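Heads up, the thing below is written out as structure tokens.
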Amino acid sequence: MATTAAAITTQHPAVTPEAVHDELDVPPDVPLGTTPVIEDVKGIPANREGDTDLSTGTTSLPTTSPLAVTWVPEPAAGVTVLLSQGLTTGQEAVEEGVILPEAIQGEASANSSGSSPDARELLPAQQDGAVGGVEGINPEPAGEMAPAVPAVPLYGYGARENDQEYVERKVDFNSPLFKPETGFPFGKTLRSSLYFTDNGQIIFPASDNNVFTYPNPPPSGFNGHEEVPMIAVFWDNADFSRGVGTTFYQEFSTLNRAKPPFVRDVEAKVRRYLRSSYSAAWTLKITWEKAPVYAAWTDTRKTVTYQAVLTTDGFRSYILMLYQDGGMQWDYTRLTSTDVLIGYTSGDGFYYNDDLTKRPPAAKYRPDQFRGYNTDLRGLWIYKLESRVGNNYRLKCLAWTGQQQEPRAWSQGLPTCPCSLQQGQQDPRFKSSRGGRWGAHVSMLHSASPNQHGAGIRCLYDSQDQLIEGRQERYWRSSRQASPYRDQELKLYDWCCNRAGSAHLCARYSEKRPKIGCDGYQSPSTDSSEEAENDSDEQIDGEDK
């Protein structure tokens with residue numbers, strides 16, 4: 001058999017801690033009309049790390065205590081909606097306290113008027129349930145075999161599509177890590193990174209140091225107890241070591257950017273089949289081409305070719321899985337085990353095993369011949385992957401920084417900070433304010449009046465009254481003493497440099513709100529003394545002449 005990382009029992013459960021509320025109010029006069037605003041939303045939890053025991057034996061995934069599953073009656077007709085996944089529109093996002101650019105909000109209507117290129121293939125769509133989370137419904141039966149129904153073709157891939165090729169000629173390998181700037185909502189957690197394997201999985205590691213290979217799927221599928229979040233696109237033991245097969249990938253970051261036709265088509269499919277207003281911020285296309293099955297004696301001409309498309313707007317996330325018509329050719333009659341798995345497990349109790357993989361090998365190894373989950377189209381599956389993920393501060397910060405002017409357009413004439421709090425308190429160009437989000441031991445000064453562009457500065461001082469940091473601010477406020485927690489400029493800093501949990505995003509914030517120090521600061525008394533001294537020198541020079 002292949003080299004395995006069997007019986008993985010990692011002890012780093014991705015447990016979502018009890019969310020906390022961010023009770024931040026924004027005054028109606030905040031000048032950032034297009035800036036995201038958050039009202040009473042939940043924070044994003046962090047993952048824990050632990051040790052890993054790489055033992056031998058039957059491949060299994062580490063487990064945590066299962067979450068309870070509650071079933072609710074299925075609606076009598078129409079689209080079946082999971083309470084844990086319910087349909088979301090751009091308007092609903094606004095109602096949740098999120099004000100986003102139009103590019104993020106997506107279509108105003110859940111029923112998009114744009115048609116997919118596959119419109120001629122459309123059949124009545126079916127919204128199946130997914131097991132997991134706190135609420136759920138009993139899933140519908142698996143799709144029927146439909147060889148007479150036209151198959152959905154794969155998206156274009158390879159060098160002609162500017163994809164990157166990645167392959168290692170060994171039994172098992174993993175792709176490089178991908179780190180969406182927005183994060184990727186999966187289950188109840190905002191994941192920071194992911195990678196794919198040669199064995200048809202997409203894995204979300206607890207950290208960059210927890211990257212492993214899991215060749216063999218569990219015989220009974222996912223159970224919701226897994227600690228390793230993953231998506232099984234077509235999970236079974238492949239082998240690229242004999243010079244056959246390869247993989248391709250391409251990332252698309254489209255927040256505040258133009259979208260290529262591929263991303264627009266992905267959006268159209270999500271809108272049509274999931275009936276959700278959607279506008280992608282990040283998308284990843286992965287193609288496994290002519291992947292051979294593991295077994296030294298297997299005919300390498302019997303391969304499989306399939307795709308996965310991960311996409312998110314920072315709040316919602318989806319995966320499209322496409323299986324090449326006639327391209328799923330593994331000889332399952334010669335396999336030692338026939339446990340191929342299609343589905344997902346989020347690592348926090350949200351999971352689903354596709355009904356097709358509960359069928360005999362003749363069916364589950366030929367997904368290209370069956371109607372797909374949520375689409376009723378042959379060879380196309382779509383899963384919704386998030387379940388009540390809290391507020392995404394990364395997205396808020398990215399949306400905000402993408403809308404801001406460069407500081408050179410508004411920072412002319414702004415002063416530097418006083419080097420000490422005492423200097424600033426004696427300088428009429430500055431006013432004192434409470435430290436706000438920085439706590440009782442931090443004091444703040446801000447400019448007493450704006451420059452010609454309406455901008456100002458803020459200066460923070462420690463308990464020893466020494467300067468910690470200064471910032472230029474696009475919007476000056478006449479008073480911060482009354483309500484520092486209602487201050488938009490301070491809130492933006494908190495989003496990008498504290499809550500987003502990303503040094504990169506804090507650096508993005510600094511590009512839009514530059515740091516300043518006290519170099520070159522002169523107090524008014526010093527200026528007056530120098531002017532008087534200069535006048536005296538000029539008078540003496542005049543008398544000498």
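List the chymotrypsin sites (Phe, Trp or Tyr not before Pro) within the range 247-305 that DSSP assigns to loop and that have no more than 16 neighbouring Cβ atoms inside 10 Å.
Working: sites: Phe248, Tyr249, Phe252, Phe262, Tyr273, Tyr278, Trp282, Trp288, Tyr294, Trp297; in loops: Tyr278, Tyr294, Trp297.
Taking the range 247-305 and a limit of 16 other Cβ atoms within 10 Å, the loop chymotrypsin sites (Phe, Trp or Tyr not before Pro) found are Trp297.
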Surface share of carbon and sulfur [accessible, 1.4 angstrom probe, percent] for the range 355-439: 47 percent
Euclidean distance between Cα centres, the range 414-428 to the range 490-529, Å: 15 Å
Extension gain from Ala159 to Thr333, taking 0.36 nm per residue of separation minus the Cα-Cα distance: 59.2 nm
Theoretical gain in end-to-end length, Arg429 to Lys259 [0.36 nm per residue, Cα-Cα removed]: 56.5 nm
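Suppose accessible area is computed on protein heavy atoms with a 1.4 Å probe; arrange Trp235, Trp476 from highest to lowest.
Working: Trp235 0, Trp476 70 Å².
Of Trp235, Trp476, the descending order of accessible area is Trp476, Trp235.
Accessible area per residue, 1.4 Å probe, Å², for the range 244-391: what's the number? Write out the running numbers ahead of the final one.
Numbers: 4130 Å² over 148 residues.
Per residue, the range 244-391 has an accessible area of 28 Å².
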Compactness relative to 2.2 N^0.38 Å, alpha carbon Rg of the range 219-266: 1.77
Long-range HN-HN contacts of Glu168 with modeled amide H, under 5 Å: none
Cα-based Rg / Dmax (Å) for the range 180-278: 16.1, 45
Among Phe370, Leu421, Ser432 the positive-end extreme of the charge dipole of the range 358-436 (Cβ point charges): Phe370
Options Ile319, Leu356, Thr338, ranked by Cα towards positive dipole end of the range 286-357, top entry (Cβ charges): Thr338
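Which trypsin sites (Lys or Arg not before Pro) in the range 256-310 sit in a loop by DSSP (not H, G, I, E or B) and have at most 13 other Cβ atoms within 10 Å of their own Cβ?
Arg257, Arg301
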Unsatisfied cross-links (Cα-Cα over 26 Å) in the set Lys188/Lys396; Lys179/Lys364; Lys179/Lys396; Lys179/Lys269; Lys188/Lys290; Lys259/Lys515: Lys179/Lys364; Lys188/Lys290; Lys259/Lys515
Loop-located trypsin sites (Lys or Arg not before Pro) in the range 367-403, at most 10 other Cβ atoms within 10 Å (DSSP): none
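The values are calculated or read from the model by the stated rules, or taken from the named source; none is laboratory data. Nothing here was measured: the structure is a model prediction, and the numbers come from that model. Methodologically, a virtual Cβ is constructed for each residue, glycine included, from the backbone with ideal geometry; neighbour enumeration extends over all protein chains shown. Keep in mind that these areas ignore ligands, DNA and RNA; they rest on the heavy atoms of the full protein, side chains included. Shrake-Rupley method; radii C 1.70, N 1.55, O 1.52, S 1.80 Å.
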